[in-house]
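Data block below; observations after.
The values are calculated or read from the model by the stated rules, or taken from the named source; none is laboratory data. All of these numbers come straight from a predicted model, not from anything done at the bench. FYI the Cβ positions are ideal-geometry reconstructions off the backbone, even for glycines, and counts take in every protein chain you see.
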Amino acid sequence: MVEVSVRRQHTRDRLMVAATDLFACKSVQAASVEEICERAGFTRGAFYSNFESKDELCLELVRQRGEQLLVGTERALAQIPDAPVTEHTLAEVVAKALVVFETGFALDDNWVLVRNELRLYAYRNPSFRPALIQAEQTATSLALAAITEALQRQHARVLIPDDQLLLTLDAYCERIRLDEILTGQPSDGSAWREGLERLLTALVVLPE
């Protein structure tokens with residue numbers, strides 16, 4: 001039973017990797033189930049035994065990425081010590097946490113493009129919007145809860161509402177990566193990481 005489950009997950013993963021590549025190259029709308037199967041090396045039967053439709057595969061991509069976001073966030077927040085963080089140590093703690101986050105949650109080109117393609121697909125297909133919104137909100141709410149708990153543990157707060165903090169950081173990261181893709185000048189990650197360090201150290205308020 002375990003072997004079948006592992007094989008099934010392997011098939012699903014290959015289909016999702018193939019779909020991600022195609023979505024990044026030619027959009028969600030233009031990529032057909034047949035093309036996804038051909039790139040993954042499977043038949044239509046294999047596809048439909050794992051996903052009811054292309055829309056379901058799209059939602060699974062969002063859910064999978066949300067799980068990675070949560071794991072990366074939790075690992076990063078684990079770098080915050082139990083001892084009170086001070087103004088002198090805040091920047092160091094933030095920098096260390098972001099290095100761990102980057103290791104566990106790569107901002108790869110394909111996902112940056114696919115994420116935007118999924119939103120365009122939802123814009124053009126209203127029936128897909130509620131499911132995509134729900135999947136994204138579920139992912140971000142879990143990460144937000146972890147951030148809120150970490151702030152409370154340090155008796156710290158941010159200058160803007162917690163949900164706006166996450167939105168601000170997310171938008172900043174995505175814009176940096178899109179600019180790198182458009183200009184063809186990828187960085188080693190230092191650009192977005194240093195920017196996030198400045199944002200977080202400026203917005204986090206420690207107890208007096």
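Can we say LEU22 is in the same structural domain as ALA135 (by TED's automatic domain parsing) and at pLDDT 95 or above? The answer is no for LEU22.
Of the residues making up the stretch 175-191, those that are under 17 Å from the mean Cα position of the chain (by Cα), of a type outside the set (Gly, Ala, Ser) and either modelled with pLDDT under 80 or not in a helix (DSSP H, G or I) (or both) number 0. Among the residues of the stretch 121-149, those identified as closer than 12 Å to GLY66 by Cα and either without any contact (Cβ under 8 Å) to a residue 60 or more places away in the chain or outside any helix (DSSP H, G or I) (or both) are GLN134, GLN137, SER141, LEU144.
Scanning the stretch 150-169 for residues that are touching a helix residue (DSSP H, G or I) at 6+ places or on another chain (Cβ under 8 Å), of a type in the set (D, E, K, R) and within 19 Å of GLU74 (Cβ to Cβ) returns ASP162, ASP163.
Kindly indicate whether any position in the stretch 55-62 is in the same structural domain as ASN125 (by TED's automatic domain parsing), surrounded by 14 or more Cβ atoms within 10 Å (Cβ to Cβ), within 30 Å of ALA95 (Cβ to Cβ) and within 19 Å of the chain's Cα centre (by Cα). The answer is yes, given that some residue of the stretch 55-62 is in the same structural domain as ASN125 (by TED's automatic domain parsing), surrounded by 14 or more Cβ atoms within 10 Å (Cβ to Cβ), within 30 Å of ALA95 (Cβ to Cβ) and within 19 Å of the chain's Cα centre (by Cα).
Evaluate the stretch 104-115: report whether one residue or more is of a type in the set (S, T, N, Q) and without any contact (Cβ under 8 Å) to a residue 40 or more places away in the chain. Looking for residues that are of a type in the set (S, T, N, Q) and without any contact (Cβ under 8 Å) to a residue 40 or more places away in the chain, one finds none in the stretch 104-115, hence no.
Taking the options ARG7, ARG75, name whichever one is under 21 Å from GLU102 (Cβ atoms), without any contact (Cβ under 8 Å) to a residue 60 or more places away in the chain and surrounded by fewer than 17 Cβ atoms within 10 Å (Cβ to Cβ).
ARG75
Taking GLU208 as the residue in question, decide whether it is surrounded by 13 or more Cβ atoms within 10 Å (Cβ to Cβ) and among the charged types (D, E, K, R). In short, no. Considering the stretch 161-205, the residues that are surrounded by 11 or more Cβ atoms within 10 Å (Cβ to Cβ) and hydroxyl-bearing (Ser, Thr, Tyr) include one that is nearest to ASP108 (Cα to Cα), namely SER187.
Here's a check for you: in the stretch 22-79, which residue that is hydroxyl-bearing (Ser, Thr, Tyr) and not in a helix (DSSP H, G or I) is farthest from LEU200 (Cα to Cα)? Only one residue fits best here, namely THR43. Among the residues making up the stretch 13-43, those that are acidic (Asp, Glu) and free of Cβ contacts under 8 Å to residues at least 60 places away in the same chain are ASP13, GLU34, GLU35, GLU38.
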